[in-house]
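The values are calculated or read from the model by the stated rules, or taken from the named source; none is laboratory data. On a predicted model such as this, the values are computed, not experimentally measured, just so you know. Note that we place each Cβ from the backbone using ideal geometry, even for glycine, and neighbour counts take in every protein chain shown.
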Amino acid sequence: MNLDFKRKLAIPMEVKEMYPLTGDMAKIFEERDAEIKSIMSGKSDKLILIIGPCSADREDPVIDYISRLAKVQEKVKDKIFIIPRIYTNKPRTTGDGYKGMLHQPDPSESPDMFKGLVAIRELHMRAIKETGFTCADEMLYPENYKYLDDVLAYVAVGARSVENQEHRLVASGISVPVGMKNPTSGYLTVMMNSIMAAQHKHTFIYRGWEVSSEGNPYAHAILRGFTNKHGGSMPNYHYEDLEFACNMYAEKGLANPSIIIDTNHANSGKNPFEQDRIAKEVLHSCRHNSDINRMVKGFMIESYIEDGSQKVEEGVYGKSITDPCIGWEKTERLIYDLADLR
């Protein structure tokens, strides 16, 4: 093989022993997990808000941002349940560029995977300890999930991974809610098949073991828009799109039918300043259709301290180095607006 095997990395159990959760942290995880599942199952009508930077780049601004969210959460806790985004893996369309904190805990330095594994675990643990938030991450590499399975509140499977069998099988063995994005083609049947696979039991190979899964009844849909044959962004958050997705759910008979709307990516044409309008339009649709209202559980929003994005070398504190985000002032106003409209 044309590979250079650099070193054997510590297994998840060893990293967890080096950086263990405290009893208080584990209690926070359990309490938040129960509340998220209450929303997904329809027992609670709170709105889930999965919100934060496109990618977690540096620990201090990420924690600063999440600490600000914690203060807002207290004010809207009766209507909104916030799950901060700490996305430590960044999928790259061409493979080039910054791949996330897992690869480069310091974006200005060379990749170091062990330092990255430690950095992402420490960051998620710090979020729990200092803010009381368990957070969301994208499962770009299924075999790495075990390093974080005791700290993550929510797992997303991306548009380019949703057709991958390993992602589907590992999702079936995850105990927290897993969101399956529609593929970049927009073909919703692929997404629904992925949800069905994740909700079923399976036997498969994982990290060198033969394992069996019980199925994940909280696997669900994320609508993120799609790309047409000319490369143009096409949204799928409009009333008719939501009605169609609800009908597909009804036909499949899946457990806990739930939809999260990704307000950025192809839904916004990667214009983050459209996210406010998109979220409010979806809530308007919810008010006019009881099925849509019952199935739409919340939003995925890309937000950071500063508006827009930058190159790594620019070094602006709290500004995305991947996709552009809305800044803190717009974020805070949007959360309060959504609470008022809920």
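If we scan region 171-180, do we find a residue that is surrounded by 15 or more Cβ atoms within 10 Å (Cβ to Cβ) and either more than 18 Å from the chain's Cα centre (by Cα) or among the charged types (D, E, K, R) (or both)? Scanning region 171-180, I find no residue that is surrounded by 15 or more Cβ atoms within 10 Å (Cβ to Cβ) and either more than 18 Å from the chain's Cα centre (by Cα) or among the charged types (D, E, K, R) (or both), so the answer is no. Taken residue by residue, region 18-31 has no member that is surrounded by 18 or more Cβ atoms within 10 Å (Cβ to Cβ), charged (D, E, K, R) and over 15 Å from A127 (Cα atoms).
Checking the structure you have, find out if any residue of region 230-248 is within 30 Å of D60 (Cβ to Cβ), in a loop (DSSP other than H, G, I, E, B) and at pLDDT 95 or above. No, that holds for no residue. Summed over region 295-323, the residues that are charged (D, E, K, R) and either under 16 Å from I50 (Cβ atoms) or crowded, with 16+ Cβ neighbours inside 10 Å (or both) give a count of 6. Of all the listed residues (Y145, Y154, Y218), the sole one being closer than 21 Å to I39 by Cβ and out of contact with any helix residue (DSSP H, G or I) (no Cβ under 6 Å at 6 or more places or on another chain) is Y154. For region 236-282, a residue qualifies if it is basic (K, R) and at negative phi, and the qualifying residues are K252, R277, K280. Does at least one position in region 37-46 carry a residue that is loosely packed, with under 15 Cβ neighbours inside 10 Å, of a type in the set (V, I, T) and either in contact (Cβ under 8 Å) with a residue 12 or more places away in the chain or in contact with a helix residue (DSSP H, G or I) (Cβ under 9 Å, 6 or more places away or on another chain) (or both)? No, there is no match, as no residue in region 37-46 is loosely packed, with under 15 Cβ neighbours inside 10 Å, of a type in the set (V, I, T) and either in contact (Cβ under 8 Å) with a residue 12 or more places away in the chain or in contact with a helix residue (DSSP H, G or I) (Cβ under 9 Å, 6 or more places away or on another chain) (or both). For region 284-294, the set of residues classified as within 29 Å of D323 (Cα to Cα) and exposed (fewer than 15 other Cβ atoms within 10 Å of the Cβ) consists of H284 only. Could we say that D4 is at pLDDT 95 or above and either in contact with a Ser or Thr (Cβ under 6 Å, 6 or more places away or on another chain) or over 23 Å from A119 (Cα atoms) (or both) here? When the stated conditions are applied, D4 does not pass them. Filtering region 280-298 to residues that are touching a Leu at 6+ places or on another chain (Cβ under 6 Å) and more than 14 Å from D241 (Cβ to Cβ) leaves L283, G298. Among residues of region 109-143 being polar (S, T, N, Q) and surrounded by fewer than 22 Cβ atoms within 10 Å (Cβ to Cβ), the one that is modelled with the lowest pLDDT is S110. Is there a residue being modelled with pLDDT of 95 or more, among the polar types (S, T, N, Q), farther than 20 Å from I11 by Cα and not in a strand (DSSP E or B) anywhere in region 196-207? Within region 196-207, one or more residues are modelled with pLDDT of 95 or more, among the polar types (S, T, N, Q), farther than 20 Å from I11 by Cα and not in a strand (DSSP E or B).
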